[in-house]
Amino acid sequence: MHKFDTFLVCLDLSDKDRQVLSHASVLVQSLQCSKLVFFHSLYQDGERSDAGRSSDEALSCLSNRVADWFKGSASLQTEYYVCDGPPMDEILGYVAFSDVDLVLCGKSTSKQHHDLLPHKIARRAPCSVLLLPYECQLNFDRVLVAADHSEPSREALLVASQIMARSDDSKIILVEAIDMPYGSQMSIGASRFVDLRENATEQLQKFAQDSGVDESKVNVVIASNLKASTAILEVARKRNASMIVMGSKGKGAVAATILGSTVENVARGAKHPLLIVKPVKDS
């Protein structure tokens, strides 16, 4: 089972940090985090700009922001890291040589302002990543988990169960997108179509049961006639999901190897918090 002892929280010293820190305050309790590293880069868009602040000024601003907006236990270890180099390189370097288990990044969902950095981190970080849209509220009432019966999706389901462990009223929406071409109901007959969906539902319920997740907390959804990423986003919207959790099949430097096209497409289109659960990184 995944342990999330150390979080790296990326902040840009703007008003958007309030939302990211609010999310972090909620998540550290659910995942029982013991250490937080608050990260800020003096670089923006490839240049050292950061409103003319020195490293010391940025560090002071960073600690003040955390003191004002982060609500956490006094027992949490905290560390502040202001870097003087390109943020992507600094984050990857820090994570590679430390015990960071989860990187938290805010992101914009506006079509006019597309953040590249959070998506690059999601692709290349060797640990799990949580992308937090600035416009959303983070809670754990309805956590959607994308399943394909693989080990990564089982890990995602177990992590979702960890997140919700302290909430009695929460539900997991377990979604599988099955490949049933448009018009298949007519071509194979209505009764056969229903049988296929019922069988897929039973198999997905068994997947949850075999994973050791409380069945009373799981709602199974079979989505057909849609591309997997489209189905996940559509179900998240219709069911008013509070978070999406997906497993990643690998780690490395190539986007397709790390995330796979489905996770990549969901990351681009999601207006919900998206937790990408990656294999536990090597020491």
TODO: Go through E155, E176 for me and flag whichever is assigned by TED's automatic domain parsing to the domain that holds S261, modelled with pLDDT of 70 or more and not in a helix (DSSP H, G or I).
DONE: E176
Open item on the list: So in the range 58-71, with the set limited to residues that are touching a helix residue (DSSP H, G or I) at 6+ places or on another chain (Cβ under 9 Å) and surrounded by fewer than 16 Cβ atoms within 10 Å (Cβ to Cβ), which one is farthest from Q29 (Cα to Cα)?
Closed with: D68
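Condition check ((1) surrounded by 23 or more Cβ atoms within 10 Å (Cβ to Cβ); (2) at pLDDT below 85) across all residues:
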position	(1), (2)
I91	yes, no
A96	no, no
D101	no, no
C105	yes, no
S108	no, yes
K120	no, no
P126	no, no
Task: In the range 60-96, the residues that are in a helix (DSSP H, G or I), of a type outside the set (D, E, K, R) and either in contact with a His (Cβ under 8 Å, 6 or more places away or on another chain) or free of Cβ contacts under 8 Å to residues at least 60 places away in the same chain (or both) - done: S60, C61, L62, S63, N64, V66, A67, W69, M88, L92, G93, A96
- [ ] Could you figure out which of (1) of a type in the set (V, I, T); (2) surrounded by fewer than 16 Cβ atoms within 10 Å (Cβ to Cβ); (3) over 28 Å from M243 (Cα atoms) isn't true of V82?
- [x] (2)
Open item on the list: Would you confirm whether or not the range 262-270 contains a residue that is modelled with pLDDT under 85 and either of a type in the set (A, V, I, L, M) or over 15 Å from the mean Cα position of the chain (by Cα) (or both)?
Closed with: no
Open item on the list: Tell me yes or no: at least one residue of the range 182-192 is polar (S, T, N, Q), under 27 Å from I91 (Cα atoms), outside the structural domain of F38 (by TED's automatic domain parsing) and at pLDDT below 90.
Closed with: no
- [ ] Keeping to the range 112-152, report how many residues are in a helix (DSSP H, G or I) and assigned by TED's automatic domain parsing to the domain that holds L31.
- [x] 8
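The values are calculated or read from the model by the stated rules, or taken from the named source; none is laboratory data. Just so it is clear, the structure is predicted and the values come from calculations on it, not from any experiment. Here the Cβ is made from the backbone with ideal geometry for all residues, glycine too, and neighbour counts use every protein chain on show.
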